[in-house]
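The values are calculated or read from the model by the stated rules, or taken from the named source; none is laboratory data. Values in this document were obtained by computation on a predicted structure and should not be read as measured data. Because the Cβ atoms are built from the backbone with ideal geometry, glycine has one as well, and the counts that use them run over all protein chains shown.
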Amino acid sequence: MEIRLLTLDDHVASFRLGAEAFGSPPYPVEVPPAPTSLPVGREVWGAFDGDTLVARVAAHSYESWWHGARVPTCGIAGVAVAPEARGQGLLLPLFEATLGAAAERGEALSTLFPTANGIYRSLGYELVSSYDTVVVPTAELAGVRPPGGVRTRRATVADVPALKAVYDAWAAAQNGPLTRTGPRFATTDQELVDGVTAVSLAVDEQNAVVGYAIWDRGEGYDPTTAALEVHDLVAVSADGYRALWRMLGTHTSVAGRIRLDTSGEDPARLVLPTATWDVVGRHPYMLRVSDPAAALTGLVSPGIHAEIGFAVAGDRLRTADDAYVLTVGDDPSVCERTTDGGDVATFTPQGLALAYAGAQSCANLRMTGHLSGPTTHDAALDALLGRRPLHIRDYF
């Protein structure tokens with residue numbers, strides 16, 4: 001079995017394997033024209049049985065926000081294995097190659113949207129959140145309290161930098177959102193505005209942008225069946241959310257539902273007058289901490305002063321297993337590998353992912369077998385890693 005990067009010559013085989021794995025129009029499938037160059041910021045590794053491609057894994061180069069720091073992240077997508085080759089252990093060498101290349105690029109984390117949780121758990125990933133679609137009745141938005149000093153207006157291309165600044169301010173305060181920078185987010189400002197029905201802004205009395213909604217009108221105008229599709233709803237003030245919700249609510253006579261792409265405990269929900277928030281779609285999200293030293297260095301930790309020894313054991317990909325010392329204080333954190341770990345708390349790879357994401361406390365990790373050893377630093381780890389809400393706002 002040969003493991004290698006795919007080239008342009010592998011376009012047809014890769015497309016057909018993906019179409020078979022993820023569904024396609026009725027056969028025979030029409031293969032799109034081959035690209036003339038490989039995409040920047042994305043590479044695909046394949047497993048070949050002779051000349052036949054039998055498995056593939058795509059890797060996207062991202063950065064994501066964790067604990068106040070931008071952390072290089074390998075986003076895994078497009079995982080496909082031919083039915084005849086399943087159960088032969090091909091994903092282990094594929095992920096070794098894929099994440100090995102990611103490590104060379106400095107990508108300390110890896111994330112993915114799984115279709116089979118168990119497969120990826122065996123490779124050190126664990127569920128930490130989800131990317132959801134929720135439905136809110138449009139008529140209920142009329143009850144949102146009027147905002148004070150904030151109005152809405154349509155965005156132009158000139159407004160896109162201010163819109164991006166709102167996203168950056170919001171995302172930096174969360175755990176998990178992509179920074180939306182780099183080659184995988186190379187859309188021009190004009191393309192961002194032209195690619196949807198509208199981008200609506202919430203602006204304050206000084207005309208500063210304090211929120212935005214990116215939305216598509218959808219089909220039809222029957223209020224019982226039509227829905228407004230909101231791809232992104234972000235604000236940095238409660239009145240920003242109120243203004244945007246009330247603007248969306250003006251569609252009540254032609255679109256009875258708002259379908260919103262969101263995640264976690266969305267602060268946009270806090271200004272709604274009712275509890276209606278029906279989840280109609282969910283894409284689970286998994287995290288792997290491939291390089292604990294890099295992932296835990298540079299985190300913002302005001303008010304916490306500690307030197308925390310810990311270890312990771314059980315990583316099948318062999319990149320995380322080691323002993324570490326994490327130093328936190330008034331300056332950004334520093335985490336280093338150590339040869340003198342001693343008797344320290346030990347995480348499974350999945351346990352470290354859950355702790356790093358703030359998705360589970362140390363006590364819960366101990367109950368589920370993902371953390372063992374001394375409890376000396378459990379409170380400090382919970383305080384350091386459990387302070388920010390977890391949000392995923394981009395599907396890949």
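Considering only the range 184-198, state which residues are closer than 16 Å to T152 by Cβ and either in a loop (DSSP other than H, G, I, E, B) or in contact with a Leu (Cβ under 7 Å, 6 or more places away or on another chain) (or both).
Matches in the range 184-198: V196, T197.
In the range 142-170, what count of residues is obtained for those that are part of a helix (DSSP H, G or I) and either of a type in the set (D, E) or surrounded by 14 or more Cβ atoms within 10 Å (Cβ to Cβ) (or both)?
Counting residues in the range 142-170 that are part of a helix (DSSP H, G or I) and either of a type in the set (D, E) or surrounded by 14 or more Cβ atoms within 10 Å (Cβ to Cβ) (or both) gives 10.
Scan the range 239-250 for residues that are surrounded by fewer than 22 Cβ atoms within 10 Å (Cβ to Cβ) and not hydroxyl-bearing (S, T, Y) and report the count. Working first, answer last.
In the first step, residues of the range 239-250 are kept if they are surrounded by fewer than 22 Cβ atoms within 10 Å (Cβ to Cβ); the result is 239, 246-247, 249-250.
Subset that is not hydroxyl-bearing (S, T, Y): 239, 246-247, 249.
Of the residues in that region, 4 qualify.
Specify which of the listed residues (A208, A202, A213) is farther than 24 Å from E140 by Cα, of a type in the set (A, V, I, L, M) and in the same structural domain as V166 (by TED's automatic domain parsing).
A208
Please specify each residue of the range 246-261 satisfying the condition of being in a strand (DSSP E or B) and either over 23 Å from S110 (Cβ atoms) or of a type in the set (F, W, Y) (or both).
R257, I258, R259, L260
I'd like the residue in the range 264-300 that is in a strand (DSSP E or B) and crowded, with 18+ Cβ neighbours inside 10 Å and, out of all such residues, is nearest to the chain's Cα centre (by Cα).
Applying the filter and picking the extreme gives Y285.
Which one of the conditions (1) over 30 Å from C74 (Cα atoms); (2) aromatic (F, W, Y); (3) surrounded by 19 or more Cβ atoms within 10 Å (Cβ to Cβ) does Y212 fail to meet, given that it meets all the rest?
(1)
Please work out which one of (1) touching a His at 6+ places or on another chain (Cβ under 9 Å); (2) touching a residue at least 40 places away in the same chain (Cβ under 8 Å); (3) of a type in the set (V, I, T) is the condition I76 fails and give its number.
For I76, the exception is condition (2).
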